[in-house]
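Bear in mind that the values in this text are calculations on the coordinates, not laboratory data. Remember, predicted model here, so these are calculated numbers, not experimental data. Neighbour counts are summed over all protein chains in view; Cβ atoms, including those assigned to glycine, are modelled from backbone coordinates with ideal geometry.
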Amino acid sequence: MQITACIFDLDGVIVDTARYHFLAWKRLTDQLGILFTEEDNERLKGVSRMASLEIILEIGNRRLDENRKQEYATLKNNWYIEYIKKMTPDEILPGCLPFIKELRNANFRIAIGSASKNTPMILERVGIQGLFDAVADGNIISKAKPDPEVFLKAAEMIGVKPGNCVVFEDAVAGVQAALNAGMLCIGIGSPKILTEAHFVVSGLSEMNLAKLRIIENDARL
Ligand code: BG6
Ligand code: MG
């Protein structure tokens, strides 16, 4: 079975929005008097907005009622939107556009699989909303990674079987979601962190089609 489709996570794979998430959460935690570090922020990668707030409250040893949680999640998101509204095409991570172009020329199907409800705005701001055959994001799924829902949905939208898809992911929960979907997974980041991925590269600038075929063959052995 050959890989014929690539599904890309958005945050941390195509654009580096982790720092904007951090700045927005930091503003909230400062207001709540919770100490929140960049190291803590790592735990929020790939995790939904509400689940991220739960982790922050656990770090601060706080309990809030549901209404308050909704209020704070909205407040954080409003701040986050202030940052992403100012994003420009320069913020597309290195190697992403040439790799997608090569895949397109080879007739691959290409999709986004992201937990973020802000996916449409980010794609629009960096000018790549027309680059994908399908966008599966936080607006159309109900189960967060490591559940495979977002990737299975993306595969369904592009009409490709899960076994013919490869996922590019920077988050541990995202790698697990890809494996749970029965897909090949290439981690973006550190092999020490993304231990479950079939292969890990530091960024899409390390990827090309020939390398994808090698990784695919090795994973099958
Ligand atoms: C993921 C990010 O892609 O989307 C998480 O890695 C984020 O950090 C999640 O919490 C949800 O994003 P949003 O934009 O809907 O709050
Ligand atoms: Mg990510």
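Between ARG68 and ARG213, what is the spin-label point distance in nm, taking each point 7 Å from the Cα along the Cα→C-beta axis? The answer from the label model is 5.9 nm.
Backbone amide hydrogens, once placed in the peptide plane, bring LEU194 within less than 5 Å of nothing, excluding anything fewer than 5 places away on its chain. The ranking of TRP79, TRP25 by Cβ neighbour count inside 10 Å, starting from the fewest, reads TRP79, TRP25.
With angles folded into 0 to 90 degrees, how steeply does helix 209-220 sit against the dominant principal axis of the chain? Use alpha carbons for both and round to 10. Here the helix axis deviates by roughly 90 degrees. Using a simple spin-label model with pseudo-atoms 7 Å out from Cα toward Cβ, LYS143 and GLU58 lie 2.0 nm apart. Amide H contacts of LYS117: GLY138, each under 5 Å away and 5 or more positions distant or on a separate chain (H built 1.01 Å from N in the peptide plane; Pro and chain starts excluded).
Taking Cα centre as origin and charging only the Cβ of basic (Lys, Arg, +1) and acidic (Asp, Glu, -1) residues, the dipole magnitude of the chain rounds to 240 debye. Calculated [222 nm] ellipticity per residue, helices only, for the chain: -13500 deg cm²/dmol; basis is -39500 (n - 2.57) per DSSP H run with n ≥ 4, divided by all residues, nearest 500. Packing order of peptides 55-68, 156-169, 132-145, highest average first: 156-169, 132-145, 55-68 (average count of other Cβ atoms within 10 Å over each peptide's residues). Among TYR83, TYR20, the order by Cβ neighbours within 10 angstrom, fewest to most, reads TYR83, TYR20. Couplings 3J(HN,Hα) for the stretch 90-101, derived from phi with the Karplus relation 6.51 cos²θ - 1.76 cosθ + 1.60 (θ = phi - 60°), are 4, 8, 5, 5, x, x, 5, 5, x, 5, 5, 4 Hz, where x marks Gly and Pro. Annotation: the stretch 1-72 has a Kirkwood hydrodynamic radius of 13.7 angstrom, from the mean reciprocal C-alpha pair distance. Between the stretch 83-142 and the stretch 191-221, what is the C-alpha centre distance in whole Å? Spelled out, the Cα-based centre of one part sits 20 Å from the other. Converting phi to 3J(HN,Hα) with the Karplus coefficients 6.51, -1.76 and 1.60 and the offset θ = phi - 60°, the stretch 118-128 yields 8, 3, x, 5, 5, 4, 5, 5, 8, x, 10 Hz in sequence order, with x at every glycine or proline. The GNM of the chain, with springs linking C-alpha atoms under 10 angstrom apart, assigns the highest mean-square fluctuation among ALA154, ALA178, ALA73 to ALA73. Taking other C-beta atoms within 10 Å as the exposure proxy, LYS86, LYS69 rank LYS86, LYS69 from fewest upward. Of the residues GLY130, GLY189, GLY46, the one that moves most in a GNM of the chain with alpha-carbon contacts below 10 Å is GLY130.
Based on the alpha-carbon gyration tensor of the chain and its eigenvalue square roots a ≥ b ≥ c, which shape applies: rounded if a/c is under 1.5, prolate if not and a/b is larger than b/c, or oblate? Verdict is prolate for the chain.
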